[in-house]
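Structure, as structure tokens:
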Amino acid sequence: MSSRLRGKNVLITGASSGIGEACARHFAQAGSNLLLAARRKDRLEKLKKDLESQHSQIKVSTFELDVRNRAKVQATAATFGDVDVLVNNAGLVIGLEKLEDITEEAMDTMIDTNVKGLVHVTQAVLPGMRARDRGHIINIGSVAGQQAYGNGSIYCGSKAAVASISKALLFETIDTAIRISEINPGMVETEFSMVRFKGDKSKADSVYKGVHPLDGNDIAETVVFVAGRPEHVNIAEMLVFPTNQA
Ligand code: NDP
């Protein structure tokens, strides 16, 4: 357990499943207080109950939040108090098609969530970090932001945007003690593929054929490691693959 994270206030977006939920469990283990955000409030409430029964010393708050809604993000963030660590994790892939076939709806959903949603939450939290001259923003990108693939133009583009935003923020916060990190997972078995294939489990499972995928804990351990370094150490970028993915 990293004692540096004990008592810190950690905001995690997309905490209702997968990597975000695993991050919540690992930060709780490290003694951090949690601000958990996602659209599925019932999931967050269940997680809160679970975490509070296991870790009596931490405080867990839940927020029903669609990161696409800038005004709601701003209003909700006003109730957060000080955020020490922000994990910008909410994201999704849908409607992978050739560029000429991708629907406006799929394109908007991915860009509004993966790019604009991340910016909305960052805009709501960063001024407080600047005022206190400390804080850590950890963006969950993807290997897809570095290695584009066919039918993935918009999703890959959205994650390339996350990489560029993270790097630009490094410069924009260079005169502060704020850290900016980008963690890029390879294949992780979560609800991600179920969302992609609209709940078709056999299609979702086929994505992992021939690969031993990571699970949410593998990424959460990495996130907690990155957050737990001393304040003068910033792990700016990490690529985390399953061993048999390249
Ligand atoms: P999951 O589908 O399990 O989790 C996605 C989370 O994002 C859910 O908690 C969902 O919550 C939340 N979310 C989606 N849309 C919104 C929204 N508009 N507002 C708020 N929350 C939202 O997938 P993962 O855990 O795998 O995905 C987490 C991140 O990891 C994503 O950014 C994804 O791109 C990235 N990633 C995943 C990989 C993988 O192979 N799984 C590989 C590389 C990167 P709710 O529906 O309740 O709002």
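Taken together, the values in this text are just the output of simple stated rules run on the coordinates, not laboratory data. In this text, all values refer to a predicted model and were calculated from it rather than measured experimentally. Cβ placement follows ideal geometry from the backbone for every residue including glycine, while neighbour counts extend to all protein chains displayed.
In table form, for the structure just shown:
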{"item": "For region 3-240: Kirkwood Rh in Å [reciprocal of mean 1/r, alpha carbons]", "result": "17.9 Å"}
{"item": "Percentage relative contact order, the chain, counting C-alpha pairs under 8 Å, at least six apart", "result": "21 percent"}
{"item": "For region 172-178, 3J(HN,Hα) per residue [Karplus equation, 6.51 cos²θ - 1.76 cosθ + 1.60, θ = phi - 60°, Hz, x = Gly/Pro]", "result": "5, 10, 4, 8, 10, 8, 6"}
{"item": "Point-charge dipole on Cβ atoms (K/R +1, D/E -1) for region 106-246, about Cα centre, debye to 20", "result": "160 debye"}
{"item": "Globularity index of region 85-198, i.e. its alpha-carbon radius of gyration over 2.2 N^0.38 Å", "result": "1.12"}
{"item": "Between helix 118-132 and the chain: long-axis angle, C-alpha atoms, 0 to 90°, nearest 10", "result": "20 degrees"}
{"item": "Test item: Cα-centred dipole of region 66-156, Lys/Arg +1 and Asp/Glu -1 on Cβ, debye", "result": "480 debye"}
{"item": "Protection-proxy order for peptides 104-113, 205-214, each taking the mean of Cβ atoms within 10 Å per residue, highest first", "result": "104-113, 205-214"}
{"item": "For region 1-48 versus region 88-126, the gap between their alpha-carbon centres in whole angstrom", "result": "22 Å"}
{"item": "Cα centre as origin, Lys/Arg/Asp/Glu Cβ charges: the chain dipole, Debye", "result": "580 debye"}
{"item": "Rg to Rh quotient for region 1-60, alpha carbon positions, Kirkwood Rh", "result": "0.93"}
{"item": "Residue (of Asn139, Ala204, Pro185) at the positive-pole extreme of the chain, dipole from beta-carbon charges", "result": "Asn139"}
{"item": "Acute angle (nearest 10 degrees) that the helix 18-29 long axis makes with the longest principal axis of the chain, alpha-carbon atoms", "result": "20 degrees"}
{"item": "Relative packing of peptides 81-91, 18-28, 156-166 - highest average C-beta neighbours within 10 Å first", "result": "18-28, 81-91, 156-166"}
{"item": "Built amide H within the under 5 Å cut-off of Met187, gap 5+", "result": "Leu214"}
{"item": "Structure-based [θ]222 nm, the chain - -39500 (n - 2.57) summed over DSSP H runs of at least 4, per residue, nearest 500", "result": "-12000 deg cm²/dmol"}
